[in-house]
Amino acid sequence: MHILGIETSTRATGAAVVADGKILSETVRESPQTFSETLMPLVEEVVRAANAFNKIDAVAVSIGPGSFTGLRIGLATAKALAYAWRTKIIGVPTLEVLAQNFPFAKVLPLVDAQKNRAYCQLFQSGEPLTEAQVKPIDAAVVEASQTGGEIFLCGDVLGKIKTLPENVKLAPVHLKLPRPSCVALRAKALLDAGHADNVMNLEPLYIRRAEAEELWERRHGLPAEK
């Protein structure tokens, strides 16, 4: 089974093709260009490199939490491809994608939620120990450190961490951000478990609403979200 993985939840744009447990092709770029400018050329590049035209069986996409703009563009692209190719579509939570980089360790993925906060979730060997939530970055790190043992931190806010407890380590640069190959590999596990999404109603996993929505409600005198 050939699976196309798409990752746009952080500042990096990426695409990959995996099949039979192998990464046939993968490209990730951190670029000043917008996701809409870089994503489709990357998809074409990895599909061509994998010689997978007319072979894609499923499209997997990172659904967040993360960049609101990136998630919308990634999901719209994945839906369009899945619909056009008549393939399955699978949404993979971004924090789970990050955890795939540390299959034998305890890891706390931290994805930028603005205002010095992060989307976070603690994992052990790829399995969740907590629910996904939004917390102040340093508070999330300290709380995770108190669970004991060596803990790795990954994600796109590592440069904002002020205090690093003794048992906490930063991920190396090549494991810091979510990889599209991990999106595809995690999707394969979900497919094997009988899970697939509906191309018409798959939505991003925001956890909290976009700040633009909150601002609109305040301007129109609507009550704030509790």
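The values are calculated or read from the model by the stated rules, or taken from the named source; none is laboratory data. Since the model is a prediction, treat every value here as computed from it, not as a measurement. Heads up, the Cβs are rebuilt from the backbone with ideal geometry, glycines too, and the neighbour counts pull from every protein chain shown.
Scan the stretch 30-76 residue by residue and report those that are farther than 25 Å from Glu96 by Cβ and touching a residue at least 60 places away in the same chain (Cβ under 8 Å).
Of everything in the stretch 30-76, nothing turns out to be farther than 25 Å from Glu96 by Cβ and touching a residue at least 60 places away in the same chain (Cβ under 8 Å).
Does the stretch 86-93 contain any residue that is basic (Lys, Arg) and in a strand (DSSP E or B)?
Yes, the stretch 86-93 contains a residue that is basic (Lys, Arg) and in a strand (DSSP E or B).
Starting from residues that are modelled with pLDDT under 95 and among the aliphatic types (A, V, I, L, M), keep the ones in the stretch 201-213 and report whichever is surrounded by the fewest Cβ atoms within 10 Å (Cβ to Cβ).
Ala212
Quick check on the stretch 74-85: of everything there that is of a type in the set (A, V, I, L, M) and surrounded by 20 or more Cβ atoms within 10 Å (Cβ to Cβ), which residue is farthest from Asn201 (Cα to Cα)?
Restricting to residues being of a type in the set (A, V, I, L, M) and surrounded by 20 or more Cβ atoms within 10 Å (Cβ to Cβ), the top hit is Leu81.
For the stretch 179-187, indicate whether the set of residues that are touching an Asp or Glu at 6+ places or on another chain (Cβ under 9 Å), within 12 Å of Leu108 (Cα to Cα) and of a type in the set (A, V, I, L, M, F, W, C) is non-empty.
no
Take Gly5 and decide whether it is at pLDDT 95 or above, assigned to a loop (DSSP other than H, G, I, E, B), crowded, with 24+ Cβ neighbours inside 10 Å and of a type in the set (Gly, Ala, Ser).
no
Among the candidates Ser67, Ser62, single out the residue that is of a type in the set (Ser, Thr, Tyr) and out of contact with any Asp or Glu (no Cβ under 6 Å at 6 or more places or on another chain).
None of the others qualify; the one that does is Ser67.
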